[in-house]
Amino acid sequence: MSDEKIDAVLTPDAWADIFDDEERAVLELADAVSGDSSALPPLLIEELRFHFGEAELAELILVAGQANLNNRVGNAAKQLLGE
């Protein structure tokens with residue numbers, strides 16, 4: 001991944017200029033899963049199903065979920081146990 005793309009990950013407004021449709025859908029999924037994932041946007045679901053099969057979607061969801069779990073547990077551990 002280029003430095004330009006790495007830098008752009010933190011700027012969702014720049015995603016359309018830097019990432020292709022497939023990459024943007026994955027970034028949007030990761031963003032959506034880190035918030036209230038009980039109702040993913042229907043257009044996102046449609047876009048993801050266009051680009052990925054069921055096994056790939058399952059893997060993407062698991063990776064995003066694991067990253068969120070790691071972040072949340074790490075944040076809680078810092079608060080409870082300190083740095």
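The values are calculated or read from the model by the stated rules, or taken from the named source; none is laboratory data. Only a predicted model underlies this, so the values are computations on that prediction, with no experimental measurement involved. Heads up, the Cβs are rebuilt from the backbone with ideal geometry, glycines too, and the neighbour counts pull from every protein chain shown.
Scanning the range 1-23 for residues that are in contact with a Leu (Cβ under 7 Å, 6 or more places away or on another chain) and part of a helix (DSSP H, G or I) gives a single hit, 15. In the condition set (1) within 25 Å of residue 6 (Cα to Cα); (2) polar (S, T, N, Q); (3) over 13 Å from the mean Cα position of the chain (by Cα), residue 38 is compliant with all but (1). In this structure, is residue 77 assigned to a helix (DSSP H, G or I), out of contact with any Phe, Trp or Tyr (no Cβ under 6 Å at 6 or more places or on another chain) and either in contact (Cβ under 8 Å) with a residue 12 or more places away in the chain or surrounded by fewer than 10 Cβ atoms within 10 Å (Cβ to Cβ) (or both)? No; evaluated as a whole, the condition is false for this residue.
Scanning the range 24-54 for residues that are part of a helix (DSSP H, G or I), among the acidic types (Asp, Glu) and either in contact (Cβ under 8 Å) with a residue 24 or more places away in the chain or loosely packed, with under 15 Cβ neighbours inside 10 Å (or both) yields 31, 46, 47, 54. Residues in the range 11-45 that are of a type in the set (Asp, Glu) and touching a His at 6+ places or on another chain (Cβ under 9 Å) were compared, and the one that is nearest to residue 64 (Cα to Cα) is 22. In this entry, residue 9 is excluded by the filter for residues that are at pLDDT 90 or above and of a type in the set (A, V, I, L, M, F, W, C). Number of residues in the range 33-45 that are within 22 Å of residue 9 (Cα to Cα) and either aromatic (Phe, Trp, Tyr) or modelled with pLDDT of 90 or more (or both) equals 4. Among the residues of the range 3-34, those that are within 9 Å of the chain's Cα centre (by Cα) and of a type in the set (Gly, Ala, Ser) comprise 25, 30, 32, 34.
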